[in-house]
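What follows is one structure encoded as structure tokens, with my remarks underneath.
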Amino acid sequence: MGFFSCFSSHERKASKKCRNNRTTRGHLPSSQSHKEPRAQPENPRKVTPEARNNRTTNNRDEGDKNIAAQTFTFRELASATNNFRQECLLGEGGFGRVYKGRLDKTGQIVAVKQLDRNGLQGNREFLVEVLMLSLLHHQNLVNLIGYCADGEQRLLVYEYMPLGSLEDHLLDLPPRQPPLPWFTRMKIALNAAKGLEYLHDKANPPVIYRDLKSSNILLDREYNAKLSDFGLAKLGPVGDRSHVSSRVMGTYGYCAPEYQRTGQLTVKSDVYSFGVVLLELITGKRAVDTTRSHEEQNLVTWADPIFKEPNRFSELADPLLRGDFPRKSFNQAVAVAAMCLQEDATIRPLIRDVVTALSYLWVEPETGLTSSQASSPSNQLKENPETNQSEITAKEREKAVAEAIAWGSKSRRNT
């Protein structure tokens, strides 16, 4: 990303300071069902003079003052995780291990990521994630609580997401674990799309996530989804620039083809990755699985010819669902995935259009209302003329979305 300098002055004081950062920072999520106590930063942290080299925005100096992630000592985090005992281990990957812990001062349950010194996430990615998650706030981004940079130790502290990752509930399920219901899958897809929408359209300058995958989508007790792991995030193009150039990074199977070929990164690169995740939600299959037959090892390659024949869409359905989904909702979800996975990035939709489409695909099974209607207070005020007008607008919007999906499917069949 090239915009965060190292915290050299802090590392000189590092014998008593630590930094923790594991997921993404958002507002204290109203969607977090378990409502576990979350500590507020006791001492909002100001960035060191070295960070002035960061040129993310024109008003960067003001942004630095908003960084409120707490600093922790390594001793505090060792105590929180019972000295990083095996029974506290939540998972591990290329960046390091993640532990469940309880902060002694507040009793708050947290997730602590201890970065592997020889792992994929280096000091630069650590700094990127700390600052990114300190400045980005949304209910569909995981909340960063703090960090530790004590000596050579690099740890990140996030809010604890009790259900773990989407991967844990979708892919390679053990025999007795029930599959995610269709409506829960669409809810997760919508939440993830909203997180991307915030990064692309609300953050200034825009942020390209660059590492969207099922293992980076975390779930609370009500299956509200949040994006995590921002070490690879990169500022998007601004002004007349159409893309940013970058060393190709990410996860094989999720990266957009044009990014893999040229290293040119745009927000449409994230849209492609989202399409892969949506296809995983539809099929229950991994993006890449070498245990499958040769023609099915790459999920997108396998699905591509099916996208062009709507009468074959049912072949994509996760067999664990046993057909328990509305056919119209399923077909439209497949069409949205096909649009996101267009080879030509210019044809892919913007993520805001994906959010609009998905908001009409998730229909509450008990109420028959879309998620947006069910959650809207105005839905209960049908006698209000303003409400009637908004309903008309919503119908027009839904029609436009349906037409866009149909166009996307048609354009793919013609390619």
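The values are calculated or read from the model by the stated rules, or taken from the named source; none is laboratory data. If you're wondering where the values come from, they're calculated on a predicted model, not measured in any experiment. Glycine also receives a Cβ, built like all others from the backbone with ideal geometry; neighbour counts cover every protein chain displayed.
Going by the conditions given, is ASP240 more than 16 Å from the chain's Cα centre (by Cα), of a type in the set (Asp, Glu) and modelled with pLDDT under 95? Let's see the steps before the verdict.
Values: more than 16 Å from the chain's Cα centre (by Cα): yes; of a type in the set (Asp, Glu): yes; modelled with pLDDT under 95: yes.
Criteria met by ASP240.
Applying the selection to the stretch 344-356, what residues are farther than 11 Å from GLY275 by Cβ and of a type in the set (D, E, K, R)? Show your work before the answer.
Step one: filter the stretch 344-356 for residues farther than 11 Å from GLY275 by Cβ, giving 344-347, 350, 352-353, 355-356.
Passing the criteria: ASP344, ARG352, ASP353.
Can you name every residue in the stretch 137-178 that is in a strand (DSSP E or B) and within 30 Å of VAL355 (Cβ to Cβ)? Passing the criteria: LEU141, LEU144, ILE145, LEU156, VAL157, TYR158, GLU159, SER165. Scanning the stretch 106-129 turns up no residue that is farther than 20 Å from LEU199 by Cα, at pLDDT 90 or above, of a type in the set (Asp, Glu) and not assigned by TED's automatic domain parsing to the domain that holds LEU212.
Is it the case that ALA203 is touching a Phe, Trp or Tyr at 6+ places or on another chain (Cβ under 8 Å) and either under 25 Å from LEU350 (Cβ atoms) or not acidic (Asp, Glu) (or both)? Considered against the rule, which asks whether it is touching a Phe, Trp or Tyr at 6+ places or on another chain (Cβ under 8 Å) and either under 25 Å from LEU350 (Cβ atoms) or not acidic (Asp, Glu) (or both), ALA203 comes out as no.
Note on the stretch 180-209: residues that are farther than 22 Å from ALA335 by Cβ and touching a helix residue (DSSP H, G or I) at 6+ places or on another chain (Cβ under 9 Å) amount to 7. Take the residues in the stretch 148-173 that are small (Gly, Ala, Ser) and modelled with pLDDT of 90 or more; name whichever of them is surrounded by the fewest Cβ atoms within 10 Å (Cβ to Cβ). Top of the filtered list is GLY164. Looking at the stretch 102-125, can you tell me whether even one residue there is of a type outside the set (D, E, K, R), out of contact with any strand residue (DSSP E or B) (no Cβ under 8 Å at 6 or more places or on another chain) and assigned to a helix (DSSP H, G or I)? Scanning the stretch 102-125 turns up at least one residue that is of a type outside the set (D, E, K, R), out of contact with any strand residue (DSSP E or B) (no Cβ under 8 Å at 6 or more places or on another chain) and assigned to a helix (DSSP H, G or I). The residues in the stretch 192-230 that are surrounded by fewer than 23 Cβ atoms within 10 Å (Cβ to Cβ) and of a type in the set (S, T, N, Q) can be counted, and the count is 4. Checking every residue in the stretch 255-275 against the condition of being surrounded by 18 or more Cβ atoms within 10 Å (Cβ to Cβ), in a loop (DSSP other than H, G, I, E, B), among the hydrophobic types (A, V, I, L, M, F, W, C) and modelled with pLDDT of 90 or more gives at least one match.
Anything in the stretch 262-302 that is of a type outside the set (D, E, K, R), in contact (Cβ under 8 Å) with a residue 40 or more places away in the chain and over 24 Å from PHE313 (Cβ atoms)? List them, or say none. Across the stretch 262-302, the qualifying residues are LEU265, THR266, VAL267, SER269.
Identify, please: which residue in the stretch 243-254 is assigned to a loop (DSSP other than H, G, I, E, B) and on the phi < 0 side of the Ramachandran plot and is, among those, modelled with the highest pLDDT?
From the stretch 243-254, those assigned to a loop (DSSP other than H, G, I, E, B) are 243, 246-254; that's our starting set.
From what's left, on the phi < 0 side of the Ramachandran plot: 243, 246-249, 251-252, 254.
On the way: HIS243: 54, SER246: 61, ARG247: 60, VAL248: 62, MET249: 70, THR251: 82, TYR252: 82, TYR254: 93.
The selected residue is TYR254.
Quick grid of which residues meet (1) in contact (Cβ under 8 Å) with a residue 24 or more places away in the chain; (2) in a helix (DSSP H, G or I); (3) more than 19 Å from CYS340 (Cα to Cα); (4) over 10 Å from the mean Cα position of the chain (by Cα):
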| site | (1), (2), (3), (4) |
| --- | --- |
| LYS194 | yes, yes, no, no |
| ASN204 | yes, no, yes, yes |
| ARG221 | yes, no, yes, yes |
| LYS226 | yes, no, yes, no |
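Exactly one residue among SER314, SER329 is within 27 Å of ASP201 (Cβ to Cβ) and either out of contact with any His (no Cβ under 8 Å at 6 or more places or on another chain) or assigned to a helix (DSSP H, G or I) (or both), and that residue is SER329.
In the stretch 74-95, which residue that is surrounded by 17 or more Cβ atoms within 10 Å (Cβ to Cβ) and not in a strand (DSSP E or B) is modelled with the lowest pLDDT? Step by step, filter the stretch 74-95, then rank; the result is PHE95. Within the stretch 298-309, at least one residue is modelled with pLDDT of 95 or more, in the same structural domain as TYR254 (by TED's automatic domain parsing), assigned to a helix (DSSP H, G or I) and more than 16 Å from VAL277 (Cα to Cα). VAL98 satisfies every condition listed in (1) farther than 26 Å from ASP168 by Cβ; (2) at pLDDT 65 or above except (1). The C-beta contact set for the stretch 131-144 (first residue under 12 Å from ALA203 (Cα atoms), second residue surrounded by fewer than 23 Cβ atoms within 10 Å (Cβ to Cβ), distance under 7 angstrom, 6+ apart or interchain) comprises LEU135/GLY63; LEU135/ASN66; LEU135/ILE67; LEU136/ALA203; HIS137/HIS27; HIS138/HIS27; HIS138/TYR198.
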